[in-house]
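Heads up, the thing below is written out as structure tokens.
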Amino acid sequence: MKAAMFQTPFLPPTRSSREVFRWAVEQAVVADQAGLAEYWIGEHAMQSWESIPNPELIIAAAALETENIKFAPGAHLLPYHQPGSLALQVAFLSNVLEGRYILGIGAGAYPDDAVIRGITDMSWNHEMEIESIELMERIWSGQPFHQEGKFFKAGFPENDPGHPHRDTRPWGGSIEIGVTGLSANSPSIKFAGERGYLPISVYSGDKFVRQHWNTYEEAAVTAGRTPDRASHHVVRDVFIADTDKEARRLAVEGGMGRAWEEYLLPVYKRFGILGGLLHDESIDPADVNAEYLADHVWFVGSAETVTEKIQEFADSTGGFGTLMPYSYDYIDNPEPWNNSLEILGREIMPKIIDPVPALVGSVA
């Protein structure tokens, strides 16, 4: 079982663009040195708390400063990109990174991100996403074609011997692709299963995670694919310190607690998924705060405590391949946060007993 980081980033609007950029690049280096397997960066045009409009800028800046970690936009919102331009950009970076690249794709969830691109009706976004990725895959094949689709035009030109093309194929000829799901019956997770993409579950309760795998597995089997639980990525919050008390304080009083109180809890309420975080149905969602999350939702505590919590979660959900903590604002005092990542990557994840092998390929 592996660990990754999801650099959305959840940094408050008071942080400047330069601070956000520097933190994201520095955290990529820290994650690489801590032994994390992957580093995902969100793409958002208008969100004040999630303020990186182009993940590839971070990936490019960190590419030559890291050695092992894979990078991924999480995710490129395909309705808002010209497929030809994005296909070339993705292929180029996959070669710069010599294969340390995963393409996260999405249809887009925030209306303002659509409006700024001139899209006022988002009901077509999923169809646009499918058309776009299919065009990109044709471009990566390097074979001449021209296609005028319902939403996009793109193609690959015939080679001119007098002015030959460079090789525009991705490293190794193909790109690993991941898709994020939020709702219990996520159409994105179903889409990932149908296409053989990596499924990424944004955590909203153990039941949701199990449902995501069931959805993915059923879609994969129906499409004639063999599902592998090791491909399943799950987003969970983690903070590790010397003692349970210190970890709880750093989480609740630090950037993690602030992001949840000011931004994430309202988002979870808006999408109607906050109920999945409740350990007891009698709890009023209005009473959920950072203290509640630290005690019942986040993986917070000493290395021993967090190891136990992650193992219990793996056993409860049937297993998964990659645990993905979000990143938060610890810019002013990064040492405890960075130390937490080091402990997670180097000490804890290698100890987790993975129930995945016994369940690979089974249909729930």
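Does the chain classify as rounded, prolate or oblate by the C-alpha gyration tensor (a ≥ b ≥ c root eigenvalues; a/c under 1.5 gives rounded; else a/b over b/c gives prolate, otherwise oblate)?
In terms of gyration-tensor shape, prolate.
Can you return the lysines within cross-link range of residue 2? Criterion is Cα-Cα under 28 Å, with same-chain partners fewer than 8 residues away left out.
Straight-line reach from residue 2, under 28 Å: 70, 190, 207, 245, 309, 351.
Checking the a/c ratio against 1.5 first, then a/b against b/c, what shape does the Cα gyration tensor give for region 263-364?
Working: a/c = 1.96, a/b = 1.10, b/c = 1.78.
Oblate, since a/c reaches 1.5 and b/c is not below a/b.
Do you know the relative contact order of the chain, to the nearest whole percent, from alpha carbon pairs under 8 angstrom that are 6+ apart?
Relative contact order of the chain: 20 percent.
At a 1.4 Å probe, what is the % contribution of carbon and sulfur to the accessible area of the chain? Before the final figure, lay out the partial values.
On the way: 7940 of 15980 Å².
Using a 1.4 Å probe with all protein chains present, the chain comes out at 50 percent carbon and sulfur.
How much net charge surrounds residue 83 when only the other residues with a Cβ under 10 Å from the Cβ of residue 83 are counted, with Lys and Arg +1 and Asp and Glu -1? Walk me through the numbers on the way to the answer.
Values: positive: 138, 153; negative: 131, 134, 137.
Net local charge, residue 83 excluded: -1.
Pulled fully out, how much extra length does the chain show between residue 82 and residue 54, if you take 0.36 nm times their separation in residues and subtract their Cα-Cα distance?
Stretched out fully, the residue 82 to residue 54 stretch lengthens by 8.7 nm.
Using 0.36 nm per residue, how much length does the chain from residue 117 to residue 141 gain when fully extended, once their Cα-Cα distance is taken away?
Values: separation 24, 0.36 × 24 = 8.64 nm, distance 2.83 nm.
Answer, rounded to one decimal: 5.8 nm.
What spacing in nm lies between the two simple spin-label points modelled at residue 67 and residue 295, each 7 Å away from Cα in the Cβ direction?
Here the answer is 4.4 nm between the modelled labels.
Heavy-atom accessible area per residue, region 234-282, 1.4 Å probe: how many Å²?
On a per-residue basis, region 234-282 sits at 49 Å².
By how many nm would the segment from residue 96 to residue 331 grow when fully extended, if each residue of separation counts as 0.36 nm and the alpha-carbon distance is taken off? Working shown, then result.
Values: separation 235, 0.36 × 235 = 84.60 nm, distance 2.84 nm.
Between residue 96 and residue 331, full extension yields 81.8 nm more.
When the Cα centres of region 257-285 and region 88-165 are compared, how far apart do they sit, in Å?
35 Å
Under 15 Å from a point 7 Å along the Cα-to-Cβ line of residue 242: which residues of region 321-340 have their amide N that close?
Zone members listed by number: 335-337, 339-340.
The values are calculated or read from the model by the stated rules, or taken from the named source; none is laboratory data. Quantities reported herein were computed from a predicted structural model and do not represent experimental measurements. Using ideal geometry, Cβ is built from the backbone for each residue, glycine included, and neighbour counts are taken over all protein chains shown. SASA here: full protein model, heavy atoms, side chains in, ligands and nucleic acids out. Shrake-Rupley method; radii C 1.70, N 1.55, O 1.52, S 1.80 Å.
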